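**Q** Below is the structure I would like to discuss, written out as structure tokens.
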Amino acid sequence: MSFDYFPTTTIFIGVAAFSALIACLYAFVLYKKVTKIKVNHQRIEEISSYIHEGAMAFMKRQYTIIIYFALGVGSLLALTELIPSLQGAEGVGWKAAIAFIFGALFSGLAGWIGMHAATKANSRTTSAANTGGMPSALRVAFSGGSVLGLTVVGLGLFGLTALFFIFYWVYGGNTGVPREQYLALTHAINTVTGYGLGASLIALFGRVGGGIFTKAADVGADLVGKVEAGIPEDDPRNPAVIADNVGDNVGDVAGMGSDLTESYIGSIISALTLGLYAFVTFTPQQVMDGIVTIDSSVLSGIFASVLYPLLIAGFGAISAVVAVWMIRRKDWHRPQFALSMSTYLAALVMLVTSLVLSHVLFDGVRAWGVFGAVTTGLFVGIGIGFIAEYYTSSDYKHVKEIANQSLTGHATNVIAGYSVGMLSTFLTVVVLVAGIVISYLFTGDMYGIALAAVGMLSTAGITISVDAYGPIADNAGGIAQMSKLDEGVRKITDKLDSVGNTTAAIGKGFCIGSAALTSIGLFFAFEKSAGLSDGRGIDILQPGVMVGVFIGAMLPFLFTSLVIKSVGRAANKMIDEVRRQFKEDPGIMEGTSLPDYARCVDISTKAALKEMILPAMIAVFSPIIAGVFLGAEGLGGLLVGGLVSAIMLAVFMANSGGAWDNAKKFIEEGNLGGKGSDAHKAAVTGDTVGDPFKDTAGPSMDILIKLMSIVSLIIVPILAQIEPILSFLFN
């Protein structure tokens, strides 16, 4: 098949864009279905309105700050056009600034829409549990989560494909001349890297800001409410309970949505970039300099390598639509089974479609190679999910061991949780390494690793839907408790919530795995773009590179420290406020007066908005500073050190936090003394230690390394024009 014609390229890109629009359309249909459900319960509607208004107020204030930051970064990108030595450089200038703004816009919009749908779905899930039982409640919660999942892949992919096509056309892709079409393809790919930068920036703010908000409220509500006052979780007498439920939405829905939008886009961009180098021995620079001549047969293979990941992503969006539609058609009484089936169904659809696409775009052994790489990514994603479930679910021994350690006190609970989190890195890394090696062997170059990341994230639509279901179920349980519904309703919402904890852990494992593969792909794209793979590569024995490795390995620890300290400071204020209200108004505990919920929401909001700025600046400016002082090689060392360190921390914190949380819930189910026992109090301590681990710092690690990689890819043209300040280290 010939790919040297502009109409053929237009059709293939159009297929990916149309698939994205189908996902957006079905998300809109689901949103309408959810919001049309009548609640018909005054107390449920009242509590839901508190949560919705608090979440929207926080998002408005957060996005106001983000808009200014995004406009500042976009302006800097555009102003690089005025630097004489950078005029015409790729990846910077006003075109990249436009791509950056759209990336930030679509990432933020995906999180906003998903959160809006979640705050509407939570009350309807409670109402459905009250009137229709488990199947109805599960359908509503899953539908609400699916709005986020389908919106993320729909908006993310549509924005990327639309910009990619526009820039390809602007740079001369419609000329019909092989050399001009190849260069247009190269310029377009380098320019849409800015789209990934915009998505990454929003994701970092969303994860850090939302994570600080939710964990400050959660820690304050648990330590004062459960441990000191001895009242149940989600008791309406707890002043921090509404802030806690608001936090579930702004952190675990909006933040997670922006996070996986960025992962999704980053994986595609790394595959597009490495697609230029797949199965060829020359570089774009050699074509520009006239050293290498491009003919239509060579161009056909390059276009196939570039368009393939776009089509995989497009049909991945369709697979998510199919999976959501199929699951919603049936009444399910076992939530875990239904959610697992949705994931397996989407993976099966992707296996079939990727096999067909591979043989349409490639021939013979190469077709089987790219299919094998995509399939490897799919299985790595599922494997990491299984590992996360094994270490964080109360169905297995590790969580039960933590619960048993709670019998001897707070310290032993914390020690056990730490050891489980650290142990979980072993199997996770084994699966990741196996995926890297196998995907590389399938294609014989780094393109296979990038395709594995695309393959893993091809089912992101359904993975995000399942993950977003968790906070909706959690909120539904809280609303049921505060509305004083029958015990049977609470049992339904508790079952949905416990399943949601497991799906959240699986989702975090998925985020970590995709971040690792995506970051590796972006690193190799950086290496290729910087010309470091031509001949000498990055020499680890160079002092400047070693300095970069050490600094890169340190940055995730510095970032984690700042984020966890922020949660601690905000939680401190929350605890003081809850204690003050209990002390000054005895009627709160007696149930004769309402606590001041708004005050607690305001404390979390102010803390989150204040504390999220510095971590974001570290992520954006550290690669720039490293590049200026150490050059491209030293920056490569920084990325390697940061990647290894961040992935280990992310796995450790996500799994230890998830295990602590489910150990607490295992005891609350009536085991080992049940609620109010000494073991339960110790488990609450472990859970509060794990809260910033699993919901703030841990997820932020994924974004940190991807944002650093994207920034590094963007500044390659600038580094090529300057001499590193510490260049003597390389001599």
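Since every read-out is calculated from the coordinates, none of them should be taken as a lab result. These numbers come from a predicted model, not from an experiment. Note: ideal-geometry Cβ built from the backbone for every residue, glycine included; neighbour counts use all protein chains shown.
**Q** In cubic angstrom, how much convex hull volume per residue do the alpha carbon atoms of segment 435-499 span?
**A** Convex hull of Cα atoms, per residue: 82 Å³.
**Q** Quick one: which of 373-385, 220-232 comes out on top by average Cβ neighbours within 10 Å, and what's the full order, highest first?
**A** 373-385, 220-232
**Q** Helix 134-170: angle to the longest alpha-carbon principal axis of the chain, degrees 0 to 90, nearest 10?
**A** That helix lies at roughly 20 degrees to the long axis.
**Q** Note down the Stokes-Einstein diffusion coefficient of the chain in µm²/s, whole number, using a Kirkwood radius over alpha carbon pairs, 25 °C, and 0.890 mPa s.
**A** For the chosen part, D equals 96 µm²/s.
**Q** In nm, give the distance between the simple-model label positions of VAL280 and VAL430, each being 7 Å from the Cα along the Cα-to-Cβ direction.
**A** Placing both labels 7 Å along Cα→Cβ, they lie 4.1 nm apart.
**Q** Please report the relative contact order for the chain, taking Cα pairs under 8 Å with a sequence separation of at least 6, and give it as a percent rounded to a whole number.
**A** Relative contact order of the chain: 21 percent.
**Q** What value, in deg cm²/dmol to 500, does the helix sum -39500 (n - 2.57) over DSSP H runs of n ≥ 4 give at 222 nm once divided by the residues of the chain?
**A** Mean residue ellipticity at 222 nm (helix-derived): -28500 deg cm²/dmol.
**Q** By the scheme Lys and Arg +1, Asp and Glu -1, what is the net charge of all other residues having a beta-carbon under 15 Å from that of ILE212?
**A** Within the 15 Å Cβ shell, the charges total 0.
**Q** Mind ordering 327-334, 134-141 by average Cβ neighbours within 10 Å, highest first?
**A** Packing proxy ranking, top to bottom: 134-141, 327-334.
**Q** Round to the nearest 10 and give me the degree value, 0 to 90, for the angle of helix 543-584's Cα axis relative to the longest principal axis of the chain.
**A** Roughly 20 degrees between the two axes.
**Q** Moving to a separate point now. Need the full-extension length gain, ASN40 to LYS583, defined as separation in residues times 0.36 nm minus the C-alpha distance. One decimal, nm.
**A** The span from ASN40 to LYS583 would gain 191.9 nm if fully extended.
**Q** Given the Cα-Cα distance of PHE557 and GLU487 and 0.36 nm per residue of separation, how much length would full extension add, in nm?
**A** Roughly 20.8 nm would be gained on extension.
**Q** Zone of ILE613 (label point 7 Å along Cα→Cβ, backbone N under 19 Å): which residues in segment 198-223?
**A** 201-213
**Q** May I ask you to sort HIS116, HIS41 by Cβ crowding, counting other Cβ atoms within 10 Å and putting the fewest first?
**A** The fewest-first ordering by Cβ neighbours comes to HIS41, HIS116.
**Q** How much length is gained if the chain between MET546 and LYS33 is pulled fully straight, taking 0.36 nm per residue apart and subtracting their Cα-Cα distance, in nm to one decimal?
**A** So the extension gain works out to 179.1 nm.
**Q** Please give the helix 256-275 orientation as an angle from the longest Cα principal axis of the chain, in degrees from 0 to 90, rounded to the nearest 10.
**A** That helix lies at roughly 20 degrees to the long axis.
**Q** Taking a threshold of 20 Å on the Cα-Cα distance, which of the pairs LYS528/LYS706; LYS36/LYS508; LYS32/LYS508; LYS215/LYS565; LYS583/LYS694; LYS33/LYS215 fall above it?
**A** Violating the 20 Å limit, Cα to Cα: LYS36/LYS508; LYS32/LYS508; LYS583/LYS694; LYS33/LYS215.
**Q** Sorted from fewest to most neighbouring beta carbons within 10 Å, what does the list TRP660, TRP368 look like?
**A** TRP368, TRP660
**Q** Okay, moving on. Can you sort LEU276, LEU155 so the residue with the fewest Cβ neighbours within 10 Å comes first?
**A** Least to most surrounded, the residues fall as LEU276, LEU155.
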